[in-house]
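Bear in mind these aren't lab numbers, they're just calculated from the coordinates by the rules spelled out. Predicted model only: the values in this text are computed from it and were never measured. Here Cβ is always computed from backbone atoms with ideal geometry, including for glycine, and neighbour counts include all displayed protein chains.
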Amino acid sequence: MGKKPAFLLLPFFFLALSGPAHTRARPITNLSTVVISDGTHDVREPASTQLNNKYLISPSDMCEQTYGFLPCTTSLLGNVFLIAVYGYLMLLAAKLLSNGSEILLQIIGPGIIGGLFLPVLSSVPDAAIILASGLSGSKETAQNQVSVGMGLLAGSTVMLLTVLWGSCLLVGKCDIEGTTAVDLKDTKRFSFTGSGVSTDVWTCYAARIMVLSVVPFIIVQLPQVLNTTSISRVTVLISLIVSISLVIAYSIYQVFQPWIQKRRIEYAKQKQLISGILKLVKMHALGRLFTDDGEPNIDVIQKLFNIIDENADGCLSAKELRALVIGIQFEDVDTNIDDAIEKVMEDFDTSKDSCIDEHEFVVGISRWLNRLKHSAIQRQDDGSWTPRLINDFQERARTEYDLLGDKNDEVAELIENPKWMASKAVSILLMGTIVAAVCSDPLVDAVDNFSTASNIPSLFVAFIILPFATSSEAVSALIFASRKRSRTSSLTYSAIYGSVTMSNILSLSVFLSLVYFRHLTWNFSAEVSVILLVCILMGLIASFRTTFPLWMCLVACMLYPFSLLLLYVLDDVLNGSYPRPRPIMV
């Protein structure tokens, strides 16, 4: 479906090819038509020569065709059209890379390739534009055009964390009851405090990683902070090494994170099981689980064993444990009964005879109670703290499970003909990479020419326009968030934080490589300041809370124009970092 609109643009593209685009041309003079005066008689040039001179192109009106055949123009509207065409092609490339990655991920799963290779592909469009902005031309040309790459880098980060972040909150809002948003319930409409979204704890981890990803920006800014230029090139190299190291570390984390998450979810389920069994003590009023000196009450534990041991044979079988697990009723927790029985057997059955006797049960429950006692704050009063301790543990276990966001409820899709789908995915990825590589250079030239024609610094053009041409996940993120579930909101915001993280480390690595190996001057303090402000502010907010009221949508969206204004002020204050384009005749 993504190819059809691209073909519709082809006639306009070739129309631009055949139009009167200005190119770098040398006028050829026919010497046979030149008449030389003898000094005494005025000689009038032939009409043909006057006509040729009329259409000679002045140097100020010339532009250079990319690859020697792609159209270029010096007019304002012409460059707007070219930016729209090349921008759409870059958006198409980003969608191809995204679709190909999703297909490949369904086939191979989140393993080594999914963790190392696919995250890099998401940053290919941005990296291609950054590379094109400073790779070709002389050092002076690269110094002027590289601001397009930095503008894209800053603009992508700000757009994702402000406009897209706030929009996802707006379309994904649900009613907030207590401290969390209720899935699929949106009756409070636009209540700034009564509606919002909730995410899981893994989204908080993604936000914290995003905050850590700004370390290379801080390093490269040290010479400006210290007001010295003697170590500028050294800090660029150090920042480059750190950013590449972070790319490798983040990719490795992507490989092992699913296993870590699965282990944490299993631990949360075990805590739910413990809290459910301890809840039986309250239900049957067996007494206090702890004695006056704070030790497990053996008599109460033995009474609990006798209740569970229905046939009174002194041993708890798997059948009796199954009845116990079913009777606990885990409410909203999706607990597999067989897994729960296996966990109890593994924890209690030290003799490995598939039967839990009274001694093993007393030792196992005592171990659970001691663990519970050390993980909570005991209230030294009349001894009634036992049920409160159980309630507190039970509530924390349920909250922790909800925050972890169990993924086991998702049904894996069966892939028919995986070899064909893998070939299709690789072809889509290859096509997207080629389109991004080919279109990035003419897009940078079009932005630079538009900047010259409009007398607007290319930094601001790239900051505002280019992020929307390379962020293919914007529309899909909004559609995903509109499902109004905590699960989908968590995935949406995790994807946003992951995109910003890859931009901060991978795209910055490409940019720093250009600056270092082409011996360019680092004068991008304004952009770095804006990136640091937005990333740290939004990252800290998302790192320490999982529920976001609707009023935070306004804060996030207002941060975008504030960032643009701040960039303009800092760019003007910090010694006018960027050379203003020279005015030319349009």
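Placing a label point 7 Å from the Cα of T547 along the Cα-to-Cβ direction, the residues of region 190-210 whose backbone N falls under 14 Å from that point are 192-200. Database remark: amide H of Q65 closer than 5 angstrom to the amide H of R24 (H placed geometrically; neighbours at sequence offset of 5 or more, or on other chains; Pro and chain starts carry no H).
The H on the amide N of N297, modeled in the peptide plane, is under 5 Å from the matching H of F290, T291, each at least 5 residues off or on a different chain. Among 139-151, 221-233, the peptide with the highest mean count of other Cβ atoms within 10 Å heads the list, and the full ranking is 139-151, 221-233. Distant-in-sequence amide contacts of D357, defined by a placed amide H-H separation under 5 Å and a gap of 5 or more residues or a different chain, comprise L316. Placing R0 at 51 angstrom, the Cβ-Cβ distance between S245 and S317 gives a FRET efficiency of 0.40 after rounding to 0.05.
Show me 162-169, 186-193 ranked by packing, highest mean number of other Cβ atoms within 10 Å first.
Details: 162-169: 23.4, 186-193: 12.6.
Packing proxy ranking, top to bottom: 162-169, 186-193.
Using R0 = 30 Å, the C-beta based FRET efficiency linking M345 and R288 works out to 0.65.
3J(HN,Hα) couplings calculated from phi for region 302-311 with the Karplus curve 6.51 cos²θ - 1.76 cosθ + 1.60 (θ = phi - 60°) are, in sequence order, 5, 4, 5, 4, 5, 5, 6, 7, 5, 8 Hz; Gly and Pro show x.
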